[in-house]
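Trainee: Structure provided below as structure tokens; questions to follow.
The values are calculated or read from the model by the stated rules, or taken from the named source; none is laboratory data. Fair warning: this is a prediction, and the values are worked out from it, not measured in the lab.
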Amino acid sequence: MSGKRTRLGTALRVALVTVVALAALAAAFAVSGQLGLVITADGLAALALLAALAGTPGGVPERDVLRPVAAWVRDAWRRIRPRPAAPAVVRPSDFPSYAKISSDLGWAPVSQWHYDHGLRPLLGRLFESVLSERHRVDLTADPERARGVVGDDIWPLIDPSRPPSFDSKAPGTDLRTLTRIVDRLEQL
């Protein structure tokens, strides 16, 4: 009776493999036509050859046969779906100017000293650049004309002739005013 079960189990496995192979061939033909059918048939033949070789008594042990196949599959999968490169690690030390500007913006509201010694020189250089490029006005040589272009409300905050404050107790420039300065700079 156990011999019948063994033959029945083997027959079922053979039938299952046959059905799966035929389904794969049919799907390949439906999707890719004759070329897909040929490629799939070649792949199934290679798998059948490997299975036969691994099952042969005294043949190549199964793990020795499957190791190169597994390596080939891994390599093919890497080529088909490459892993995305790891995102670059960005450190603040990579951008020292950005770190300084960020720090100056954070300290500007603390006191007038912090604004005048940190952010005001930067804003002055930016306004000088924009005025000379877009309006042909020299900020230091023609301050009255520059004041007219910049506006009376913003001028005292960037005036290069105004001496910097050394008072660390006087309130600095608040965020709303800083926003107005940058908006004006962008409008120019």
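Trainee: Considering every residue within segment 53-70, establish whether at least one is modelled with pLDDT of 80 or more and of a type in the set (Gly, Ala, Ser). Break it down into steps so the answer makes sense when it comes.
Mentor: Residues of segment 53-70 that are modelled with pLDDT of 80 or more, as a first pass: none.
So far as segment 53-70 goes, no, none of its residues is modelled with pLDDT of 80 or more and of a type in the set (Gly, Ala, Ser).
Trainee: For segment 75-114, which positions are within 26 Å of the chain's Cα centre (by Cα) and not in a helix (DSSP H, G or I)?
Mentor: Arg81, Pro82, Arg83, Pro84, Ala85, Ala86, Pro87, Ala88, Val89, Val90, Arg91, Phe95
Trainee: Turning to a different aspect of this structure: Does Ser168 satisfy being outside any helix (DSSP H, G or I) and among the polar types (S, T, N, Q)? Please lay out each step first, then the result.
Mentor: Values: outside any helix (DSSP H, G or I): yes; among the polar types (S, T, N, Q): yes.
Criteria met by Ser168.
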